[in-house]
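Colleague: Let me begin by handing over the structure; questions about it come next.
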Amino acid sequence: MDFGFTLKPENDLKRTVELTKRAEANGFSYGWLFDSHVLWREAYVLLTLMAQASERLRLGTCVTNPATREPSVTASALAVLDELSEGRMDLGIGRGDSARRVLGKPPTTMATLEEAIVAIKGLVEGRSVEYEGTELQLPWTGKWTLPVWVAGYGPMALAMTGRIADGVILQLADPDLIRWFVDQVREAAVAAGRAPDSILIQSAAAAYVGPREVGRERTRWFPALVSNHVVDLVNKYPREELPASLTGYIRDREGYDYLHHAEVGSSNAAFVGDDVTDRFCVLGPPEEHVAKLHELAAAGVDQFNVYLMNGDEEAQLEAYGRDVIPAFA
């Protein structure tokens, strides 16, 4: 299993660089950034700094979208970052959540997302693509491939991932739910004539090494964040087509304030109970992290991506590097 970390771009530039260096020194393979340009700092400037501060980390957005970032602009930015990093860029992309909603706009459609993915990947890899009726090409790139990770839970998103993507980002760490999603991705890959295990599976979730009660309070915001996507699913698909373990906890949800998105102690998480927090996150002493991550690996997870925004970030990186990552070497 590979290990990644995601930063919320609220840190100053110096700390972003320091956390990047510390993560690489502690055995992490991937570094990701939230991309919500109104709420937090500009992701592509920070990715530039992270690329300069690291030697082997693969880096990318977790996640961007094709509306606040026009696809040809995204492709050009990633292609230059590939030059800077010698080909270490990945693209994490979805329909858009906070980045769109703080602008008063809804997420994009799945059709728009798929068209954008094909265009961005083709342009970064040096191919000529047709986008919105026009032939486009970046004549100065094409030396590296661009792995594309799609963030989504719904049947359409998982089917599209199986057709065209390199990986899926599943924002939760519940092994049973991960297994349910993985089966759908692999079925979609087979239907598209691809090997079922050719799609990499990423579990992206809040984690905290330490006393469980402390961890719960530090990470309760995460199931609240996930609830935004669950609400979208419930509004689009019949509940009986979705696992009760995914949809049941939003019953008492009253709303969501994006100005307190992914924030420890946010009132957004008032409806989230301990059981859901325990299922969706990875909590407890190191040995409990190792045990749960082995369960996730057995469910099909190739990369565990720690949402590193729960306080004590330096200590958390050290704990993973010392006590967790070596168990998966």
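The values are calculated or read from the model by the stated rules, or taken from the named source; none is laboratory data. Bear in mind the structure is a predicted one, so any value in this text is a computation, not a measurement. Cβ coordinates were reconstructed from backbone atoms using ideal geometry, including for glycine residues, and neighbour counts include every protein chain displayed. Surface areas here come from the heavy atoms of the whole protein model, side chains and all, with no ligands, DNA or RNA. Shrake-Rupley method; radii C 1.70, N 1.55, O 1.52, S 1.80 Å.
Colleague: Just the residues that are buried (at least 24 other Cβ atoms within 10 Å of the Cβ) and in a strand (DSSP E or B), please, taken from region 1-24.
Modeller: Of everything in region 1-24, those that are buried (at least 24 other Cβ atoms within 10 Å of the Cβ) and in a strand (DSSP E or B) turn out to be Gly4, Phe5, Thr6, Leu7.
Colleague: What is the one condition in (1) of a type outside the set (Val, Ile, Thr); (2) free of Cβ contacts under 8 Å to residues at least 24 places away in the same chain; (3) over 22 Å from Glu213 (Cα atoms) that Glu241 does not satisfy?
Modeller: In the conditions (1) of a type outside the set (Val, Ile, Thr); (2) free of Cβ contacts under 8 Å to residues at least 24 places away in the same chain; (3) over 22 Å from Glu213 (Cα atoms), Glu241 misses (2) alone.
Colleague: Then there's this: Just one of the numbered conditions (1) part of a loop (DSSP other than H, G, I, E, B); (2) farther than 19 Å from Phe304 by Cα is not true of Gly27; which one?
Modeller: The failed condition is (2).
Colleague: Now a separate question. Would you tally the residues in region 31-42 being buried (at least 24 other Cβ atoms within 10 Å of the Cβ) and either without any contact (Cβ under 8 Å) to a residue 60 or more places away in the chain or touching a Leu at 6+ places or on another chain (Cβ under 8 Å) (or both)?
Modeller: 4
Colleague: For region 49-71, what are the residues that are of a type in the set (S, T, N, Q) and assigned to a helix (DSSP H, G or I)?
Modeller: Scanning region 49-71 gives a single hit, Gln52.
Colleague: Only one residue in Arg15, Arg58 is among the basic types (Lys, Arg) and closer than 21 Å to Ala151 by Cβ. Which one?
Modeller: The unique qualifying residue is Arg58.
Colleague: Then there's this: Going through Arg58, Arg95 one at a time, which residue ends up being within 28 Å of Phe181 (Cβ to Cβ), surrounded by 22 or more Cβ atoms within 10 Å (Cβ to Cβ) and among the basic types (Lys, Arg)?
Modeller: Checking each option against the conditions leaves just Arg95.
Colleague: Look through region 127-144, keep the residues that are without any contact (Cβ under 8 Å) to a residue 24 or more places away in the chain and β-branched (Val, Ile, Thr), and return whichever of them is farthest from Glu86 (Cα to Cα).
Modeller: Residue satisfying both the conditions and the ranking: Thr134.
Colleague: Would you call Arg194 closer than 21 Å to Ser76 by Cβ, more than 19 Å from the chain's Cα centre (by Cα) and open to solvent by 40 Å² or more (accessible area, probe 1.4 Å)?
Modeller: So Arg194 fails the test.
Colleague: Something else: So which helices (runs of 4 or more DSSP H) stay within region 255-329 end to end and still have 3 or more residues that are touching a residue at least 24 places away in the same chain (Cβ under 8 Å), open to solvent by less than 20 Å² (accessible area, probe 1.4 Å) and in contact with a Cys (Cβ under 7 Å, 6 or more places away or on another chain)?
Modeller: So the answer is none; nothing clears 3.
Colleague: Test Gly126 against the stated conditions and say whether it is of a type outside the set (Phe, Trp, Tyr) and in contact with a Ser or Thr (Cβ under 9 Å, 6 or more places away or on another chain).
Modeller: yes
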